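Reviewing the structure listed below.
The values are calculated or read from the model by the stated rules, or taken from the named source; none is laboratory data. Computed from a prediction, not measured in an experiment: that's the story for all the values here. Here the Cβ is made from the backbone with ideal geometry for all residues, glycine too, and neighbour counts use every protein chain on show.
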Amino acid sequence: MGQNGLDFVSLWFFVTQTPKNAAFFRVRKQQLSSGGFTIVELLISLAIIATLTAIAVPLTQDYIYKADLARACTEIRGLEKEILFFKTERGYYPGGRTGMYQSLQDIGRVNVLDPWGTAYQYRNLEDGPWSGGKPQFCRRDRSYNPLNYDFDLYSVGPDRLVPTHNQITKGKGADDIVRAANGKYVGEGSKF
């Protein structure tokens, strides 16, 4: 074994050191690997890409919806603070003295858009001609009780359907982002 092993090592060393043989082996190696993909390899890689896309797209859409929902809730809270500051300063809610009970013109926020591109909806419930008792024309919960007694402020949500249903758990109103319980809740109408 010692002699045969030594002969093999010396032969291998000789073959790898010879420049003419090295060029032969390089050419032979290039001939064996064609450099392209087979149809099976392409189909497998396309199947992997399609599977990853099928997983990623719904997750991405869910994250985008959650981000839009958080933005809408934050903007509703900001508008609510401006409305309450206006009430503290003037003694009535925006639109109360002008008769424009559905306008945020008094605070300079007439066309503030929600994340889905629709203007936020506002209705002054306290200063309307229906003062006293339950307000009329207001948003209502599943038990058909008014969501608010001071003012309604909401986004029509991703479906962007205006006018929306008065009851927040039915039809077009289920996806609305609402301010409810006189400001104690801001979120999806269907979860209130």
Report the residue count in the range 147-192 for those that are within 16 Å of Ala72 (Cα to Cα), in contact with a helix residue (DSSP H, G or I) (Cβ under 6 Å, 6 or more places away or on another chain) and of a type in the set (Ser, Thr, Tyr). 1
Please indicate, with yes or no, whether at least one residue in the range 118-136 is under 22 Å from Gly95 (Cα atoms), crowded, with 19+ Cβ neighbours inside 10 Å and of a type in the set (A, V, I, L, M, F, W, C). yes
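Just checking, which of Ser190, Ser155 is within 28 Å of Phe86 (Cβ to Cβ), hydroxyl-bearing (Ser, Thr, Tyr) and touching a Ser or Thr at 6+ places or on another chain (Cβ under 9 Å)? Steps first, answer last, please.
On the way: Ser190 fails: within 28 Å of Phe86 (Cβ to Cβ).
When all the criteria are applied, what remains is Ser155.
Quick grid of which residues meet (1) under 22 Å from Arg71 (Cβ atoms); (2) touching an Asp or Glu at 6+ places or on another chain (Cβ under 9 Å):
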residue: Gln121; (1), (2): yes, yes
residue: Leu125; (1), (2): no, yes
residue: Gly157; (1), (2): yes, yes
residue: Thr164; (1), (2): yes, yes
residue: Gln167; (1), (2): no, yes
residue: Gly171; (1), (2): no, no
residue: Val178; (1), (2): yes, yes
residue: Asn182; (1), (2): no, yes
residue: Ser190; (1), (2): yes, yes
Evaluate the range 182-192: report whether one residue or more is part of a loop (DSSP other than H, G, I, E, B), at pLDDT below 85 and of a type in the set (S, T, N, Q). no
What are the pairs, 6+ residues apart or on separate chains, where a residue within the range 150-164 that is at pLDDT below 85 has its Cβ under 6 Å from a residue that is acidic (Asp, Glu)? Thr164/Asp176
Selection from the range 147-164 of residues that are closer than 26 Å to Gly96 by Cβ and surrounded by fewer than 17 Cβ atoms within 10 Å (Cβ to Cβ): Tyr149, Val162, Pro163
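From the list Gly95, Gly78, Gly108, which one is on the phi < 0 side of the Ramachandran plot and out of contact with any Cys (no Cβ under 6 Å at 6 or more places or on another chain)?
Result: Gly78 is the single residue among Gly95, Gly78, Gly108 that is on the phi < 0 side of the Ramachandran plot and out of contact with any Cys (no Cβ under 6 Å at 6 or more places or on another chain).
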Among (1) charged (D, E, K, R); (2) modelled with pLDDT of 90 or more; (3) part of a loop (DSSP other than H, G, I, E, B), there is one condition Arg142 misses while meeting the rest; what is its number? (2)
Give the residues of the range 78-112 that are of a type in the set (Lys, Arg), assigned to a helix (DSSP H, G or I) and more than 23 Å from Ile177 (Cβ to Cβ), sorted by residue number. Arg90
